[in-house]
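Student: Structure in structure tokens, see below.
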Amino acid sequence: MLVLVETPAGYGLFKVNKDSLVDMNADDLYKEFETPSKAQKAVSLHAFSKFADTKDALTAATALIESSLDKGLKKFLKKNILSQELTDKLAVSDKALGKLIHEKMEIPVVHSASTQELIRGIRSQLHSLVTGLTEQDTKTMALSLSHTLNRFKLKFSPEKVDTMIVQAIGLLDDLDRELNNFAMRLKEWYGWHFPELAKIITDNMTYAKVAKAIGFRTNTKSTDLSELLTGEVEREVKEAAEISMGTEITEEDFKNIAELADRVAELTEYRASLADYLRFRMNAIAPNLTYMVGE
């Protein structure tokens, strides 16, 4: 069996060395790809076609969005399967793309839960399986590709991605803007009382929880922050509180600061939940594209 793997850097075609992989469950498959050496025994690289530039990658990504057969992919499969008269089945992660490959090129295609796990395993050890391809290469190309897609404002086809995903993406952008604004206001507001805290804790969620837990700066020494901070950072916060140059605030001041801290924490948790939902939907509907442009 051969396995088609789309990456941010190009198309990869892998040969399955162990036929038993196809029938394994997810846990057993995971063990086969735990280390680079195990992965190299399980599969081997048959061919790899690197994208010449971002334009090539954009063309490939657009084809994945539209579930169409890109000319570059067609040429790659023709050269490395049909021209070599191979009769192996081709495992793909996108069912619609697999159907097109079978119809237009008459290559036997297989798509199942097992092949999905197999492709996931190959991607987890991609850089050890493809000589010369580094993790930095794929990260750079994925970032460049995602920015290019955004700049061209490509639309998903209705058959590929539903309205829920479009709405979720828009809401994520809105949440990021709101969170940045709220977090900045919280740090400015509480910063009048304890300005040093923002320099020690940069994470918005952690800052909000710590600020609420401490309350008035004078409570810092007796407040247990072990569930929120590491021992070293907790000590640094308590030492900073002792010599803080902040001004005094009233009970009413802190009541409003605490409400804002709650809002920042709630929005951060909701944003994480929404991102997980979007990742799940995208992996289910467009796994190839999700991997190519990154999360």
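Student: How many angstrom lie between the Cα centre of the range 3-22 and the Cα centre of the range 224-241?
Tutor: 48 Å
Student: Within the chain, what percent of beta bridges assigned by DSSP are antiparallel, to the nearest 5?
Tutor: Counting DSSP beta bridges with both partners in the chain, the antiparallel share is about 75 percent.
Student: With the chain treated as a Gaussian network of Cα nodes joined by springs under 10 Å, which of 265, 213, 47 yields the largest mean-square fluctuation?
Tutor: The residue that fluctuates most here is 213.
Student: Relative to the Cα centre, what is the charge dipole magnitude of the chain, using +1 at the beta carbon of each Lys and Arg, -1 at the beta carbon of each Asp and Glu, and rounding to the nearest 20 debye?
Tutor: 1460 debye
Student: Here's something else I'd like to know. What GluC sites (Glu not before Pro) in the range 88-142 are in a loop by DSSP, with at most 15 other Cβ atoms within 10 Å of the Cβ?
Tutor: For GluC sites (Glu not before Pro) across the range 88-142 that sit outside H, G, I, E and B with at most 15 neighbouring Cβ atoms in 10 Å, the list reads 106.
Student: Among 40, 116, 167, which one moves the most in a GNM of the chain with springs linking Cα atoms closer than 10 Å?
Tutor: 167
Student: Here's a follow-up. For the chain, build the charge dipole from Cβ charges (+1 Lys, Arg; -1 Asp, Glu) around the Cα centre, then report which of 101, 208, 86 sits farthest towards its positive end.
Tutor: 86
Student: If you don't mind, another one. With 22 Å as the limit, write out which pairs from 50/71; 55/99; 15/74; 187/238 have Cα-Cα distances beyond it, or answer none. Each step should come with its number before you reach the end.
Tutor: Values: 50/71 14 Å; 55/99 26 Å; 15/74 18 Å; 187/238 18 Å.
Going by Cα-Cα distance, 55/99 fall outside the 22 Å limit.
Student: According to the Kirkwood expression over distinct Cα-Cα pairs, how big is the hydrodynamic radius of the chain, in Å?
Tutor: Over the chain, the inverse of the mean reciprocal pair distance is 22.4 Å.
Student: Within the range 28-95, list the chymotrypsin sites (Phe, Trp or Tyr not before Pro) lying in a DSSP loop whose Cβ has at most 14 other Cβ atoms in a 10 Å radius.
Tutor: none
Coordinate-derived values only; no laboratory data. Note that the structure is a prediction, hence the values are computed from the model and not measured. Cβ coordinates were reconstructed from backbone atoms using ideal geometry, including for glycine residues, and neighbour counts include every protein chain displayed.
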